[in-house]
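Computed from the coordinates by the stated procedures, all read-outs in this text should not be read as laboratory data. Just so you know, these numbers come straight off a predicted model, no measurement behind them. Don't worry about glycine lacking a Cβ; one is built from the backbone with ideal geometry, like all the others, and counts go over all protein chains shown.
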């Protein structure tokens with residue numbers, strides 16, 4: 001769900017996050033793109049990668065590569081202001097796209113006709129927040145998916161809604177699934193798609209610990225992130241990681257902002273183009289990506305967005321950018337590895353100041369990591385953000401596009417481990 005509070009004519013909606021949608025077999029089958037109102041003017045930055053994507057771009061620009069945000073999976077997105085009322089131009093989708101249409105608007109004949117036009121253009125329709133609203137039948141007949149909020153209704157009411165949809169050729173998507181019990185109940189009730197905290201943050205077995213092999217890889221990643229590490233040591237590490245070298249060369253060959261590719265054949269050549277800091281970060285990210293504990297979590301993407309947000313926000317707080325990136329990335333290890341953060345801190349050898357910031361929110365950097373983490377939690381839950389978050393929406397939009405480009409590059413690299 002997208003938060004529309006405090007909008008004005010000087011704001012535009014930019015994408016700030018994605019949320020996994022799980023199928024009946026526990027695999028991620030689609031992503032929900034989340035957008036927030038941000039200042040209309042994006043400040044100029046020296047880095048071409050600090051771009052953002054607006055809802056208008058998503059639905060109105062055929063040159064936009066949606067695949068770099070979600071890979072090959074289907075996209076769900078609330079259209080946002082202007083699309084449903086016809087004031088924002090919409091082009092045929094270049095990616096499999098489902099438009100979330102609020103069920104509360106389903107009794108409007110003009111909107112139903114507009115949805116019919118979307119389908120003719122190639123979009124699919126999901127009826128969002130269905131609760132048995134009167135007059136919604138015409139919209140339901142057009143829908144491919146119907147979303148039901150498990151938290152908004154007692155279980156008997158949810159079963160009645162499922163029964164009402166059964167004669168229709170629709171897939172049922174259970175939203176706000178908070179626990180494994182919610183997921184199990186929804187499957188038995190007839191839902192085949194699932195979204196919510198239980199999908200985003202799968203609960204691991206109590207008392208879980210880091211396996212020795214995973215611990216060794218996490219320790220390697222933390223060494224790569226150490227700002228004291230010189231390039232000679234980076235080369236020595238990579239000498240034993242041919243798959244990692246292949247990914248680094250692939251990353252370095254990509255033009256800034258998805259521009260022209262460049263031929264890069266050596267790690268030294270990658271150093272010239274990327275710099276030691278970014279090579280270390282990329283290598284560490286790739287190593288950590290191998291250790292994701294659950295196939296249905298999007299923890300790697302969440303952690304990278306957090307790291308990039310910390311990096312972008314660091315200068316205004318007098319904090320080193322690379323140090324902030326590292327702390328943000330390490331603070332997501334609990335979601336990546338499926339163990340408590342205290343277990344990570346106890347087992348992984350990390351500098352005390354860095355550990356305090358990443359694992360205990362200590363100091364100015366720890367406060368920043370905590371704020372970014374809290375912001376992500378609010379976005380995940382569809383809740384508004386307060387004044388303490390300042391320009392976080394815009395920074396999140398920048399971090400999201402940057403991070404998703406890197407995640408997609410990792411997934412598309414043939415040598416990915």
Efficiency by 1/(1 + (r/R0)^6): what FRET value for residue 166 and residue 391, r their Cβ-Cβ distance, R0 = 56 Å, to the nearest 0.05? 0.75
Here FRET efficiency (C-beta to C-beta, residue 181 to residue 230, R₀ 41 Å, nearest 0.05) is 0.20
If each residue of separation counts as 0.36 nm, what is the full-extension length gain between residue 107 and residue 25 once their alpha-carbon separation is subtracted? 26.1 nm
In nanometres, the difference between 0.36 nm per residue of separation and the alpha-carbon distance of residue 11 and residue 317 is 107.6 nm
If each residue of separation counts as 0.36 nm, what is the full-extension length gain between residue 378 and residue 62 once their alpha-carbon separation is subtracted? 110.7 nm
Considering just Cα atoms, how many Å³ per residue does the convex hull of segment 344-392 enclose? 80
For segment 212-412, the Rg and Dmax computed from alpha carbons only, in angstrom: 16.3, 48
